[in-house]
Protein chains: 2
Amino acid sequence: MEVLRTGSRDAIPSEDTLIKKFGVSRGVIREVLHLLREQGLIERVRGAGTFVLAPGPILHPVDESRDLAQDVNSVAPRIAIRCRAVSPQTCTAFTADKLAVPVDSSVVIMESLTTLDGYPVSVRTAFLPAEPFSVILDDPHIDLHRSPYELISQIIGQPVGDTDLEISCSNADALTADLLRVPVGFALLDTSRVLRAVDGTPLEFSISHARADHLVFTHVMKSSAAPARASSPAGATVRYGDPSI
Amino acid sequence: MEVLRTGSRDAIPSEDTLIKKFGVSRGVIREVLHLLREQGLIERVRGAGTFVLAPGPILHPVDESRDLAQDVNSVAPRIAIRCRAVSPQTCTAFTADKLAVPVDSSVVIMESLTTLDGYPVSVRTAFLPAEPFSVILDDPHIDLHRSPYELISQIIGQPVGDTDLEISCSNADALTADLLRVPVGFALLDTSRVLRAVDGTPLEFSISHARADHLVFTHVMKSSAAPARASSPAGATVRYGDPSI
């Protein structure tokens, strides 16, 4: 199926061509095309052919404290972040623990959708302590449609510190499936992170659900026993990716 | 549902107790219990009650070149690796690219199942170049039921170097679902890695599918702009885990 996942916007080959190319039955090809349509990856346009809808996955290094937008858009703007809602709330025990604040503290909840070339990549729910982030609720001049690292850094007036990350996965629920345009049950790559100030104070706790067909995390695990190799500087983790990013 | 995910082997509370505790209807409780049984997480024993089957998730740092067995078992042996099959094969273009060998080179394919306290955590398919790894096929004295880092290090006679990691997810196919005791379609955390010698030569390419309800990856993303904070030494990524590991 590699031929269908190139990120191209061209029509994909006809059923007959695919049957010859892969040496499989028409039934198998139809089943695969049906599945890809169901997942929103291809679209059949009457009289024109079948087109690849979604871009291929982007490899995103799990590296410095920064996010996909900063990583990808530094070369060319392909990632857009749209803040869907912000609201004040009191936090639960789970969030309070992550943010190291008392239960029932005031927090700001911020929901965002990230798109890659217009296609949904991930949804993020962020919890921010009211102090100093309630300004988000009040100040209409603050641009919420951008990287949380940039937003948070602007509000606290200094660079952010380290980020604790947990990577997991889950099956899409109805709401998330709708936002990401996938069927309910689609496997989603989940990241839960605590972004900290340089002194270690938690500034944000967030949970993201990402389409792994649009986003793949990469990392270089360094060897402790062996000397660093010259050909692999820290951070050079985008090894097999689209050379354009 | 936190109460059901503690890793305890005790009976879980009765339906009536759960209804009171969570303030939800009997229908909701039964639906959740049914789902957990389907996922192999709990088991009803006639006349005795319902028991939590699976251990809670282990947090595994995405850090040095080492795997879950080395990470967890250094404190207490909870992880077991069982090699299910080894076989010689010629490699495809995809694998050849990862291993930096010519297409149709000889490789050894090694399939392993990793368990946590007896419960399946992940399945791994590893591709190793025949030179020097065909010894795995021939020498009955080599212990295949252990960490690939240890195995590979022994065969090459020196410590391994860096590992390139890609983290993604997928819905379980029938075979993987059967091995991991989950329903078909269950969301699985996938890792694809290239383990290298200290000079950068690829030694192993492997693909793993893990149950994210048993295994969660963690990482500290360091800040580039901010100074390192004293309270977060590199590698101290197991922040919220079971204190016994």
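The values are calculated or read from the model by the stated rules, or taken from the named source; none is laboratory data. Everything numeric here is computed off the predicted structure, so don't read it as measured data. FYI the Cβ positions are ideal-geometry reconstructions off the backbone, even for glycines, and counts take in every protein chain you see. Just so you know, the surface numbers come from the protein's heavy atoms only, side chains and all, with ligands and any DNA or RNA stripped out. Shrake-Rupley method; radii C 1.70, N 1.55, O 1.52, S 1.80 Å.
If the label for A:HIS141 sits 7 angstrom from Cα along the Cα-to-Cβ line, what are its distances to the same label in every other copy, in nm to one decimal, shortest first?
7.7
If you average the alpha carbon positions of segment B:92-149 and of segment A:61-97, how far apart do those two centres end up, in angstrom?
37 Å
At 1.4 Å probe radius, can you tell me the per residue accessible area of segment B:58-218 in Å²?
Details: 6170 Å² over 161 residues.
With the other protein chains kept in place, segment B:58-218 gives 38 Å² per residue.
In nm to one decimal, list the spacings between the A:GLY27 label point and its equivalents in the other copies, with label points set 7 Å along Cα to Cβ, shortest first.
When each copy's label point is compared with this one, the spacings are 3.9 nm.
Going by accessible area, probe 1.4 Å, with all protein chains left in place, what is the ranking of A:GLU204, B:GLU131, largest first? Don't jump to the answer; show the numbers that get you there.
Values: A:GLU204 0, B:GLU131 150 Å².
From most accessible down to least: B:GLU131, A:GLU204.
Which residue, A:VAL101, A:ILE136, A:LEU68, has the largest displacement toward the positive end of the dipole of segment A:58-218 when charges sit on each Cβ (Lys, Arg +1; Asp, Glu -1)?
Farthest towards the positive end: A:LEU68.
Would you rank A:PHE217, A:PHE22 by solvent-accessible area, highest first, keeping every protein chain in place and using a 1.4 Å probe?
A:PHE22, A:PHE217
Ignore the peptide's own chain and count Cβ atoms of other chains within 10 Å of each Cβ in B:184-196; give me the average, rounded. Present the calculation step by step, with values, prior to reporting the outcome.
Values: counts 0, 5, 5, 12, 2, 8, 5, 3, 3, 2, 3, 2, 6.
Rounded to a whole number, the mean comes out at 4.
Ratio of Rg to Rh for segment A:58-218, alpha carbon only, Kirkwood?
Value, to two decimals: 0.94.
Run the label-point distances for A:GLU111 please: 7 Å along Cα to Cβ, every other copy, nanometres, shortest first.
4.3
What lysines does A:LYS98 reach when the alpha-carbon gap must be under 19 Å and sequence neighbours fewer than 8 apart in one chain are set aside?
B:LYS222
In terms of solvent-accessible area of protein heavy atoms at a 1.4 angstrom probe, what is the ranking of A:GLU150, A:GLU166, highest value first?
Sorted descending by solvent-accessible area, the residues read A:GLU150, A:GLU166.
Tell me the total accessible area that A and B bury against each other, 1.4 angstrom probe, in square angstrom rounded to 100.
4100 Å²
Under the 0.36 nm per residue contour assumption, what length would be gained going from the current alpha-carbon distance of A:THR17 and A:GLN70 to full extension?
That works out to 15.1 nm of additional length.
Counting only residues 5 or more places away or on other chains, whose amide H sits under 5 Å from the amide H of B:PHE186 once H atoms are built in the peptide plane?
Close amide H contacts, sequence-distant or interchain: B:ALA172.
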